[in-house]
Structure formats: C-alpha cells, structure tokens
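Visitor: Below is the structure I would like to discuss, written out as structure tokens.
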Amino acid sequence: MQRGFWGSGPLHLTLISLFFLVLFRCEYFFWHWSTYSQQPFTQLAQAFLTGMRFDLAVATWLCAPFWLFYFLFPLAWARNVFKLTVLFVLIHLPFWVIESIDLILVDYIGKRMTIGNFYLFNEVPGRSGIIIPFLIPMLFQIILILSLIYLIFKAAKQRPIFPYPLRIGKHLGLSLITLAVLTVAGRGGTQPKPVNFSPAQVFHESFLNEVVLNSSFTVIKSWSKKTLKRKQYFSSPAEYIPLLNWKADVPRAHWAKDIRFQSKPNIVLIIMESFSLEYMALEPGEVTYTPFLDTIAAKSLFFTNAFASGRRSIEGIGAIFAGVPQMMDEPFISSEFSTNEFRGLGTMLTEQ
C-alpha cells in the first residue's frame, strides 16, 4: 500500500518524540501530586496546554535532522529505517535521562535543570547518600525507557512504502509547506520572538511553573548561555547598613534595619520611561526639568550615584521589581533564571 508525503518517516519520529515529552510531563505531575492537587483545574489545564508549546518546540528541534534528510533524500528513507531509528534513539536518549533525573532533582534545586546545574554531577562521587533517593525512581525510568525503545525498534521493522515514481514538483511544494509548519512549531508559536522561559509563568508560585516547562527545553535553551560568577560585596550587615543612613555617625538605634520608622510608612513608587539623573538638579542653581522630584529629593534619602541598569525597558523591569541588575547578554525576565524563587519588591511590600 502506498503512503502519502506525511504518511510515514519523520512525522512518525516527531510524534514519538512529542509522546515522550508529554509522558515525562505527566510523570512529573504525578510525582508531585501533593504539590498540585490543591491547584484549580483551570490553571492545571492551562499549564498543560502551555506546556505543549515547549514540547512541540523540543520535538521539532530534535527531529530537524530527520526532516532535512527526508526533504533531500525521500526515496532513501525506506532503505535506512534501522540506521535512522538508531540515530533517533541516540539523539533523544540523553534528554530522556535528564527528564528522568529531574523528576527528583527538581526538589533539591527548586527548578528545572539547566547547563548551570551540571556541576552537581561532580559532587556525586563519594556521596552515596545523594543517590539513594534516586534509586527506585531511576529503576522505574530505566525499565520504562528500555521498554519504549524496544517498541520503537519493533515498529521500525515495518518498512514504509513511498509513492513511486516520485513527483519532484509535488515533493518540493509539500516540503516547503512542511518547513513553514516546522518553523512555527520550532519557535513555539507565531509570536515575534521564539518561545523562551517567560510563557511558563502560569502560577503565582514559581516552583509550580516547573510543570509547564520540560527539562529538555531548559537544557537546550541554556546550552550556550554564559554562567554567572557569584560575587559578595559585603561580608556582614554591619558593613552595608551604615551606608543606608543620612550620616555615617548615626547611632545604631536609628539604623535602617531597626527603628527608622515608628510606624509603617506609605511608599510611593514612581517609575518613568527614558529618565536619567541628568534631568534633576543635584545642586542649587542647576537647570532642572523635574521641580517636583527635586522637592521630594531634598527631604529624602537621596542617592546621587544613580546608574541605568540596562539600555532597554525590558532590562530595567528585573532591576526595579526583583533587584537584579542587567548582568547578562539577555534580559533577566526572559532568561533561565526568571523561574527562580525570589522575593521581589511587590512581594516585600505586600508582606509589610
């Protein structure tokens, strides 16, 4: 029986790849059932639907070589089914292992695995206690993966039959249509920029959003990212708290950490676009464009060493609301660190 353009070949492999990603997401959900059992059904449904964008993008990335081979050598696919299946398993197996490890590891690091977390594997030798919680889940995952690999090779024995003679014009047209669809799938949708970590923010608590992502996506997206070096500018609060006061000789009883305010103050946060310190008058007689702000500054703790955190608005959002300056090549809110648990300005003011 003859099959059409999409009747076999790379489409089957892409669907298998997508099946594995959905399976691992369901496993993650059930492994952390106690965490998600109290969440509204609508949010859980939204999490799974949003997660399909990440799954489809990863499946498209990993199966791109097979689509390319099929576009260029369509008649050679049937003669190389076994070799292509072996290559499929070799490409996907490392990511299946990472997905399996992350079922438990996410409880220790609080987020999906990225390239920056690979240092943890160097700490395993000599620490058998770290491995023990992984034994039973990993044994189950090994059996599951081996069983599915067996089914993949068993299905590969059935050679697909392609229409012959091949119509070059039709094949070229269908290839271009398929390429357009794969481009949209690989970008995670039709939005202007390819999908990143930001759309995964479905729940208010960052840890809950890990069910939206998949570990394959977080590892691939962080593959070429530069890791950050940990810096500590002050060794103790005693070094920086005096810097938060009007005068260096202010008694400890009036330090900012303690009883600066006898009652809760009203805090007004003013955020302006494309504004810099040069618009204000730092000294009497200087030209000013902000007389109202100058009046407030004269009665306030005013920091004259003001510097822009970034060149774009998207880089300033993380600095203002999370206290994270622009230290990377990409904005904080679209980076792999945006899923980290942190106490931002809004959270701190809400708690007061």
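What follows is calculated from the coordinates using simple rules that are stated; it is not laboratory data. Since this is a predicted model, take the numbers as computed values, not measurements. Cβ atoms come from the backbone with ideal geometry, glycine included; neighbour counts cover every protein chain shown.
Visitor: Quick check on my link table: of LYS154/LYS221; LYS83/LYS111; LYS111/LYS231, which ones sit more than 29 Å apart, alpha carbon to alpha carbon?
Guide: Flagged as over cut-off: LYS154/LYS221; LYS83/LYS111.
Visitor: Could you calculate the contour length gain from ILE149 to VAL97, that is, 0.36 nm times the residue separation minus the distance between their Cα atoms, to one decimal place in nm?
Guide: This chain segment gains 17.4 nm when fully extended.
Visitor: Which parts of the range 282-298 would a label at SER276 reach, counting a residue when its backbone N lies under 20 Å from a point 7 Å out along Cα-to-Cβ?
Guide: 282-283, 286-291, 293-294
Visitor: Can you tell me which of 31-41, 45-55 comes out highest on packing, and rank the rest after it, using the mean Cβ neighbours within 10 Å?
Guide: By packing density, highest mean first, the sequence is 45-55, 31-41.
Visitor: Can you give the FRET efficiency for LEU179 and ALA319, using 1/(1 + (r/R0)^6), R0 = 45 Å, r = Cβ-Cβ distance, to the nearest 0.05?
Guide: Efficiency for this residue pair is about 0.65.
Visitor: Follow-up. If you place +1 on the Cβ of every Lys and Arg and -1 on the Cβ of every Asp and Glu, how big does the dipole about the Cα centre of the range 1-117 come out, in debye to the nearest 20?
Guide: 360
Visitor: Take THR178, THR350 and order them by how many other Cβ atoms sit within 10 Å, fewest up front.
Guide: Arranged by neighbour count, lowest to highest, THR178, THR350 become THR350, THR178.
Visitor: Between GLU283 and LYS299, what length in nm is gained on full extension when 0.36 nm per residue of separation is reduced by their alpha carbon distance?
Guide: Full-extension gain reported as 4.4 nm.
Visitor: So how do VAL184, VAL324 line up by other beta-carbon neighbours within 10 Å, fewest first?
Guide: Going from least to most buried by this count: VAL184, VAL324.
Visitor: If I stretch the segment between ILE104 and SER37 completely, what's the gain in nm (0.36 nm per residue apart, minus their alpha carbon distance), one decimal?
Guide: Roughly 22.3 nm would be gained on extension.
Visitor: Say R0 is 25 Å: what FRET efficiency, to the nearest 0.05, do LEU72 and LYS170 get from their beta-carbon distance?
Guide: 0.95
Visitor: Here's another thing I want to ask about it. What is the order of HIS204, HIS92, fewest Cβ neighbours within 10 Å to most?
Guide: The fewest-first ordering by Cβ neighbours comes to HIS204, HIS92.
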